[in-house]
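Okay, so here's the structure we're looking at.
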Ligand SMILES: Cc1ncc(C[n+]2csc(CCOP(=O)(O)OP(=O)(O)O)c2C)c(N)n1
Ligand code: SF4
Ligand SMILES: [Mg+2]
């Protein structure tokens, strides 16, 4: 396999391996990680493949180091990535915040398992969704995407790199154990069919370049270490020069910038599929492996004549607020299956504001939510709201 | 305003090119030893033949960590303890770069201790400069892994019950290729050591014994920086190339300074390249007699 970054062809591989292939196809050439079930196969595949394409793999001493190292790798000008699961994701939080504050593109794949703590290491969970949004301290916006198949593990990893490069931030792939370990057909396109986005580079010289001065799209061009810009990068609150300023105005400006570059570009970031929602009385909203079950449930119910549709979130953060608000006006109920005791459902409740019923189909972790359970919930909602 | 003061802004400091002059005044206290270490670092960089653009300075959090904000090179002020891990990624992504990590004793060897020992073990190519002021200066003077036994800090008000690390011995035993320690009064030798470390391939480590009059000295009734400097300097003995384990920090005439290690060893990237070119014999080199191993198991 040595030498070929984009493994064009049809493969039968698991989601973790597809994630690694997506990273390589996206141009990732540095991976720092620490083994953890069920994400280890991402690291293993990268360790095998990176040397052959001129990249570097390193197994760090822990996930804190892994996360710090990929930030360093990114400032060294190389697309960088790590992968982990719950316990490691918790350890990465502080340096994800450093990446957000210093606007450092990189990708973190969290193959979720059931928690809290060591939980069920080999079994599925979706309990880190709010941690993805709020897990690092302070004020910020994040981008997180949720693949629901090995093919999407490949496609969405490329998407994650593109979003991270375009908007200069760590992007989270919120996968799960079933998607990570499931073997399925994955089609990898020709290299020239892979659409890549690269970080914009400064057009100015070192005398006038401001590392945190946003361009018209809200994102500042990014210099790389070694290019003579002598930039200063800090996790302290800083001005557009990158220099620390311990003042409220600077905090206000900086956090506003971090929020605006996401909220101001929602048209380019939000990604969801609306299936049979035009005339739906009940909508099911799902992401990751639960979207697979939901799709099965919705299609079966449609065949049986029920007016039900699916909102499948590809990008989970930022949340499609406008769409869900609008949806809540025209459906009787929104059913949310997720492998936790209620996380993304809180967003739906917040936006629906009582305009429709919001019904959680919970699972504590360790197994998937079956289509049958979702079908039951939809039928119950139809009855309760008729 | 005196005539002398009036001319100050015009006066050029020899190291102005390496300073973000617009960020001066700095945050450090009068009499702080960090400035001396910073000056030595800048002199060593100035003397070195390494192109300016290739340098990157990475620090963690602390008074020493603020150094990254004053040096006019690519500079990264990261999170508490993680400078070496960040620097590892920077180095691996851009191997031609010269990566310097400059940070405090707490940052590098308490919260960051794990990264320190593993980077030394891997012989990650970087120069690590530790300003050891025997406490956490930035947060007001708490116990550090370097605090002398019995010394008072805000979290050991009766005196420290902890035994400190010997950073040089630790670095050496983990595989550092260059290890030296000097006090802030050994300016010339400190500068030479940093210059040597910068030219060394692999994990090089320089410890600077430095006064923190504000947070550490004050609690131990040594309020003046000069008195601290003298305590360290006057009790120092130069011993080059001794076993690093014997490089004690004993304030009773045996604060050992000198160059303890200066060896050659392949770096992580040397090994990585060789392994991936297939040049390294599979482990174990001697092979295993499977039948003998089976017998032992049966017995
Ligand atoms: C994760 C985390 N824990 C604690 C702190 C608070 N903190 C900031 S600097 C510091 C200690 C710095 O001591 P040292 O590295 O010796 O640097 P010095 O100030 O003495 O130069 C601590 C504990 C922090 N910033 N981050
Ligand atoms: S508190 Fe100590 S280490 Fe920090 S600047 Fe003041 S003297 Fe230096
Ligand atoms: Mg200190």
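What follows is calculated from the coordinates using simple rules that are stated; it is not laboratory data. Here the structure is a predicted model, which means the values were calculated and not measured. All Cβ positions, glycine included, derive from the backbone under ideal geometry; neighbour counts span all protein chains shown.
Mean projected area of the Cα convex hull of chain B, taken over all directions, amounts to 20.6 nm². Per residue, the convex hull spanned by the Cα atoms of region A:9-193 amounts to 97 cubic angstrom. Distance between Cα centroids, region A:95-154 to region A:201-249: provide it in whole Å. Measuring centre to centre over Cα atoms gives 27 Å.
For region A:273-385, dividing the convex hull volume of the Cα atoms by the residue count gives 87 Å³ per residue.
Over chain A, with a Gaussian network built from C-alpha contacts below 10 Å, which listed residue (A:149, A:90, A:225) shows the highest mean-square fluctuation? Maximum fluctuation in the GNM of chain A, among the listed residues, is at A:225. Over region B:13-298, what is the relative contact order in whole percent, taking alpha-carbon pairs under 8 Å and six or more residues apart? Averaging sequence separation for qualifying contacts and normalising by length gives 17 percent for region B:13-298.
Helical runs (DSSP H, four residues minimum) scored at -39500 (n - 2.57) apiece and divided by the length of the protein assembly as shown put the mean residue ellipticity at 222 nm at -10500 deg cm²/dmol. Once you divide the Cα radius of gyration of the protein assembly as shown by 2.2 N^0.38 Å, the number left is 1.06. In a Gaussian network model over chain A where Cα atoms closer than 10 Å are linked, find which of A:132, A:68, A:25 has the largest mean-square fluctuation. Largest GNM mean-square fluctuation: A:68.
In percent, rounded to a whole number, the relative contact order of chain A is 16, using alpha-carbon pairs under 8 Å and six or more apart. Relative intensity of region B:168-299 on a log10 scale, I(q)/I(0) at q = 0.11, 0.22 Å⁻¹, equals -0.57, -1.21, per a Debye sum over C-alpha point scatterers of equal strength in the absence of solvent.
Please rank A:155, A:260, fewest neighbouring Cβ atoms within 10 Å first, as an exposure proxy. Lowest to highest Cβ neighbour count: A:260, A:155.
Let me have the relative contact order for region A:1-148, percent, based on Cα pairs under 8 Å that are six or more residues apart.
Relative CO of region A:1-148 lands at 20 percent.
The order of B:183, A:234, A:122, going from fewest to most other C-beta atoms within 10 Å of their C-beta, is A:122, A:234, B:183. With neighbours defined as other Cβ atoms within 10 Å of a residue's Cβ, the residues A:134, B:283, A:75, A:249 order from fewest to most as B:283, A:249, A:134, A:75.
Just B:210, B:110, B:68 to compare: in a GNM of chain B, with alpha carbon springs under 10 Å, which one fluctuates most? Most flexible of the set in this elastic network: B:110. Convex hull of alpha carbon positions in chain A: directionally averaged projected area 19.1 nm².
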